[in-house]
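Engineer: Okay, here's the structure, questions in a sec.
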Amino acid sequence: MPAGRLSYRLPCALRHARHAHRHVRRPTRSSESTSTTRSVSAPDLPTVRRIPAGWPPCQPPRTQNPTPARTFAQRFSATRRGARLARLLAAHQLTEWGHPHGTEAHDVVVLVVAELAANAVVHGRVPGRDFALSLSHDDSRGVVRIEMSDTHPARPARLTSGTDEDGGRGLLLVDALAADWGVGDRLGPGKTVWADCSLPRAGAPGC
């Protein structure tokens with residue numbers, strides 16, 4: 001041993017522990033991540049399908065929009081003011097449907113509504129009950145249907161032009177202007193008087 005240098009040997013137990021520590025294989029990051037992935041169950045994810053280049057993008061199925069219903073319905077008080085309001089709202093609705101004031105379809109429908117509303121107020125009035133107006137623009141049949149409902153059980157009757165009775169004369173005007181009209185039942189007490197007014201065809205006059 002060279003002079004001036006001290007020799008020091010580790011105890012036997014420490015030398016063996018140090019030798020064993022050098023030969024232990026430490027886990028790498030890849031092994032740690034792999035073991036973690038195996039221990040945790042991943043959720044089921046949807047399969048992603050790749051669309052080949054040049055293919056058009058997928059479009060949702062198109063649904064045909066149904067033709068919007070062209071209807072109007074409103075209840076009114078069984079008063080002369082309610083009858084007047086029914087006539088004004090019917091005129092406004094006809095204008096919204098493309099039949100402005102001055103056209104034959106507009107004027108005929110408004111006159112029929114005015115007569116049926118007057119009958120509902122005068123002859124079909126029940127204290128404390130309203131009457132109802134319903135309009136429907138039927139393009140397939142080419143008509144505007146008017147329905148006037150009240151709660152009175154008595155039904156109007158067609159009168160001839162030679163009768164002297166005061167009531168029912170308004171129905172003569174309805175019979176002359178409308179393509180067809182009649183009386184039917186309604187849901188609940190009372191009745192519904194309906195009338196169909198023809199709409200003008202392309203290049204043809206109206207009612």
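Engineer: Evaluate the range 159-180: report whether one residue or more is modelled with pLDDT of 90 or more, in contact with a helix residue (DSSP H, G or I) (Cβ under 8 Å, 6 or more places away or on another chain), under 14 Å from A114 (Cα atoms) and open to solvent by less than 20 Å² (accessible area, probe 1.4 Å).
Structural biologist: To start, the set of residues in the range 159-180 that are modelled with pLDDT of 90 or more comprises 172-180.
With the extra rule that they be in contact with a helix residue (DSSP H, G or I) (Cβ under 8 Å, 6 or more places away or on another chain), the set shrinks to 173-174, 177-178.
If we keep only those that are under 14 Å from A114 (Cα atoms) too, we end up with 173-174, 177-178.
Filter once more, keeping what is open to solvent by less than 20 Å² (accessible area, probe 1.4 Å): 174, 178.
Yes.
Engineer: Restricting to the range 97-117, name every residue that is among the hydrophobic types (A, V, I, L, M, F, W, C) and either open to solvent by 40 Å² or more (accessible area, probe 1.4 Å) or over 17 Å from Q74 (Cα atoms) (or both). Explain how you work it out, then say what you get.
Structural biologist: So the first thing to find is which residues in the range 97-117 are among the hydrophobic types (A, V, I, L, M, F, W, C), and the list is 97, 105, 108-114, 116-117.
Those that are among the hydrophobic types (A, V, I, L, M, F, W, C) and either open to solvent by 40 Å² or more (accessible area, probe 1.4 Å) or over 17 Å from Q74 (Cα atoms) (or both): A105, V108, L111.
The values are calculated or read from the model by the stated rules, or taken from the named source; none is laboratory data. The structure displayed is predicted, hence computed values, not measured ones. Note that each Cβ is placed from the backbone with ideal geometry, even for glycine, and that neighbours are counted across all protein chains shown. Calculation scope for accessible area: heavy atoms of the full protein, side chains included, ligands and nucleic acids excluded. Shrake-Rupley method; radii C 1.70, N 1.55, O 1.52, S 1.80 Å.
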